[in-house]
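J.: Before we start, here is the structure in question, set down as structure tokens.
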Amino acid sequence: MISRESKITVISGSGISKASGIPTFRGKDGLWKQYDFMELATPQAFQRDPHLVWEWYYWRLGLISQTKPNKAHLALKTLEQAGWDIVILTQNVDNLHERAGSSKVLHLHGEIFKRRCTQCLDISFWPSSEEFGIPNIPTCSKCNSNLRPAVVWFNETLDPKIVNESYSRLKETDFLLIVGTSGLVYPAANFPYIAKQENRYLEIYEFNLESTPLSSLVNRTILGPVENTLPEFVSKVIKES
Ligand SMILES: [Zn+2]
């Protein structure tokens, strides 16, 4: 039972976006042309060939623009609408949580619909999807330098502001829902441990296709496609509260 006064924090990963048709970029699912995710999502790749990296991002932006939030995203929105204090810490760079209607979302790995100036660091949204790909390398309206996707690549550190906000939230949370993430990527992999350390009454529920390294820590593992298991869970929570 999760009372309406409880603070709920969600950690979401690629598994929640999968049902919307967004590739997880792991294994065969991650190939674009002949390139692997790990070859393109690095600052070194961008330095070497910004055209190629942007071309890949334009493909991803086009793909993500055409997707819709699925029942798992909508279930989290429903909890917020029903009055719960719910914050989503997502590893996903898409905006499906926001499009579903969730208002408190922290993007640990950045946001694909934003770009950042390589010189003055100014961050801006893509004005519209018509502009994806024109020109191939977009430039900053303030200093004319090249823009890059405002996401966190391999070999890069996370935005300390986002990380600190996540930690503060984890320390005050009553319930932690882990949704569609295997708990292998740091720092998110540490989040459940940090939250548990702070609050030994913390309840952790995991929603994944298969058991993960986190399964031994959590109170309950609910296996299955999250677009089925999460809505079921949410309607039960609402009914019982
Ligand atoms: Zn600039």
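J.: How much accessible area per residue does the stretch 76-147 have, counting only protein heavy atoms and a probe of 1.4 Å, in square angstrom?
T.: 46 Å²
J.: Right, something else. For the stretch 7-17, just list the computed ³J(HN,Hα) in residue order, Karplus coefficients 6.51, -1.76 and 1.60, θ = phi - 60°, integers in Hz, with x standing in for Gly and Pro.
T.: 8, 10, 10, 10, 10, 10, x, 4, x, 7, 8
J.: Next up: How large, in percent, is the carbon and sulfur part of the accessible surface of the stretch 155-199 at a probe radius of 1.4 Å?
T.: Answer for the stretch 155-199 is 50 percent, counting heavy atoms of protein chains only.
J.: While we're looking at this one, here's another question. With each label point set 7 Å from Cα along the Cα-Cβ vector, what nm distance links LEU121 and TYR193?
T.: 2.9 nm
J.: Can you tell me the relative contact order of the chain? Whole percent, Cα pairs under 8 Å, sequence separation 6 or more.
T.: 25 percent
J.: May I pose another question? Can you give the extra length, in nm with one decimal, that the chain gains between LEU158 and GLU172 once fully stretched, where that is 0.36 nm per residue apart less the Cα-Cα distance?
T.: Full extension from LEU158 to GLU172 adds 2.9 nm.
J.: Looking at the P(r) of the chain, how many percent of alpha-carbon pairs lie beyond 23 Å? All intermediate terms of the calculation are to be shown ahead of the outcome.
T.: On the way: 14572 of 28920 pairs.
Summing the P(r) of the chain above 23 Å gives 50 percent of all pairs.
J.: Can you run phi through the Karplus equation (6.51, -1.76, 1.60; θ = phi - 60°) for the stretch 196-203 and list ³J(HN,Hα) in whole Hz, with x for Gly and Pro?
T.: 5, 4, 6, 9, 6, 8, 4, 9
J.: Here's a follow-up. Contact order normalised by length for the stretch 98-196, with contacts defined as Cα pairs under 8 Å and 6 or more residues apart; what percent is it?
T.: 26 percent
J.: Measuring with a 1.4 Å probe in the full set of protein chains, what accessible area per residue, in whole Å², belongs to the stretch 153-241?
T.: 54 Å²
J.: Further, regarding this structure: Roll a 1.4 Å probe over the protein heavy atoms and report the accessible area of GLU165 in Å², nearest 10.
T.: My reading of the accessible area for GLU165 is about 80 Å².
J.: Could you give the Stokes-Einstein D for the stretch 118-241 in µm² per second, using the C-alpha Kirkwood radius, 37 °C, 0.692 mPa s?
T.: 185 µm²/s
J.: Let me ask something else about it. List the residues whose amide H sits under 5 Å from the amide H of LEU89, counting only those 5 or more places along or on another chain, with H placed 1.01 Å from N in the peptide plane.
T.: VAL10, ILE11, SER12, LEU106
J.: Calculate how many DSSP beta bridges within the chain are antiparallel, expressed in % of all such bridges and rounded to the nearest 5. Don't skip to the end; give the middle numbers.
T.: Working: 9 of 32 bridges.
Percentage antiparallel, nearest 5: 30.
J.: Which value at 222 nm does the chain reach when only helices count, each DSSP H run of 4 or more adding -39,500 (n - 2.57), with the total divided by all residues and rounded to the nearest 500 deg cm²/dmol? Present the calculation step by step, with values, prior to reporting the outcome.
T.: Values: 9 runs with 83 residues, N = 241.
One gets -10000 deg cm²/dmol as the mean residue ellipticity at 222 nm.
J.: Using the Karplus equation 6.51 cos²θ - 1.76 cosθ + 1.60 (θ = phi - 60°), what ³J(HN,Hα) coupling, rounded to whole Hz, does each residue of the stretch 168-182 give in order, writing x for Gly and Pro?
T.: With coefficients 6.51, -1.76 and 1.60, one gets 4, 5, 4, 6, 10, 7, 9, 10, 10, 10, 9, 10, x, 9, 7 Hz.
J.: Rounded to the nearest 0.05, what FRET efficiency do SER211 and LEU63 have when you use their Cβ-Cβ distance and R0 = 30 Å?
T.: E between SER211 and LEU63, to the nearest 0.05, is 0.50.
J.: Express as a percent, rounded to the nearest 5, the fraction of DSSP beta bridges in the stretch 28-158 (both residues included) that run antiparallel.
T.: Details: 9 of 12 bridges.
DSSP beta bridges in the stretch 28-158 are roughly 75 percent antiparallel.
J.: Among ASP174, ASP122, ASP85, which one shows the biggest mean-square fluctuation in a GNM of the chain, springs joining Cα atoms closer than 10 Å?
T.: Most flexible of the set in this elastic network: ASP122.
J.: Ignoring ligands, DNA and RNA, please state the percent of accessible area on the stretch 1-97 from carbon and sulfur, probe 1.4 Å.
T.: 52 percent
The values are calculated or read from the model by the stated rules, or taken from the named source; none is laboratory data. Just so we're clear, the structure is a prediction, and the values are computed from it rather than from any experiment. Backbone-built Cβ (ideal geometry, glycine too); neighbour counts: all protein chains shown. The protein model used for the area step is the full one, side chains on, heavy atoms only, and it has no ligands, DNA or RNA in it. Shrake-Rupley method; radii C 1.70, N 1.55, O 1.52, S 1.80 Å.
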